[in-house]
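**Student:** Structure in structure tokens, see below.
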Amino acid sequence: MSQTHFYQPKEGHGLAHDPFNAIIAPRPIGWISTKSKMGVLNLAPYSFFNALNYTPPIIGFSVVGSKKDSLVNVQETGEFCWNLVSEDLIDAMNTTSKPLAPEESEFDHAGLQTVESEVVNVPRVKASKVSMECKLTDVVQLKTASGEEVNSWFIMGEVVGVHIDKSLIENGVYSTLKSAPVTRGGGRGDYYTISRDNFFEMLRPE
């Protein structure tokens, strides 16, 4: 008997829950703030998010399933911000995941205060200890191996401004542990945090 569970996604996974996003985990959360051309603020968490380039710094996130407000706003204005989700902000982050009408703001719905950015015209989450101001570099609609477009869009942005709470900097080094980031797993609502017990250092070979 085979010791592996094999499946072809096009035929279904045959499990109680799709394992794909549980396998590629944990993932940092893209808590993205945007502003519509009419001035309405939007804030939404995206679990398909990561850093893409070092110099210049570029980050990206995927909007999956439909053209959500974040995508529309970024396409209209060319700007967005990423905001760190730390442990103290998990409830607020979860609240902002609720679908709202385009004329409603998740900032108001979650009771979150904003703070102006330095470079872009999109506010950040005031309570977030790290934020990145970004200018749009590209939007790519994803395709299947056969070239068929799917209802998902990958948004990339160059980081043009970084805000870090000074409490997270120790001897000139940013402390990931002190920032207490929350990461996304699989399932309906699996999240993870980091701790000193799980930390180890491994340097690349020379």
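**Student:** Those residues that are over 15 Å from the mean Cα position of the chain (by Cα), surrounded by fewer than 16 Cβ atoms within 10 Å (Cβ to Cβ) and assigned to a strand (DSSP E or B), I need them from region 153-192; list them, please.
**Tutor:** G161, V162, I164, I169, E170, V173, Y174
**Student:** Looking at region 41-68 only, could you name the residues that are of a type outside the set (S, T, N, Q), at pLDDT 95 or above and surrounded by 16 or more Cβ atoms within 10 Å (Cβ to Cβ)?
**Tutor:** Correct list: L41, L43, A44, P45, Y46, F48, F49, I58, I59, G60, F61, V63.
**Student:** Now for a separate question. Could you list all residues from region 127-156 that are of a type in the set (V, I, T) and farther than 15 Å from C81 by Cα?
**Tutor:** V139, V140, T144, V150, listed by residue number.
**Student:** Go through region 116-125 and give me each residue that's buried (at least 20 other Cβ atoms within 10 Å of the Cβ) and either among the hydroxyl-bearing types (S, T, Y) or free of Cβ contacts under 8 Å to residues at least 12 places away in the same chain (or both).
**Tutor:** Answer for region 116-125, where residues must be buried (at least 20 other Cβ atoms within 10 Å of the Cβ) and either among the hydroxyl-bearing types (S, T, Y) or free of Cβ contacts under 8 Å to residues at least 12 places away in the same chain (or both): just S117.
The values are calculated or read from the model by the stated rules, or taken from the named source; none is laboratory data. Since we're looking at a predicted model, the values are computed, not measured. In this analysis, Cβ positions are derived from the backbone assuming ideal geometry, glycine residues included, and neighbour counts consider all displayed protein chains.
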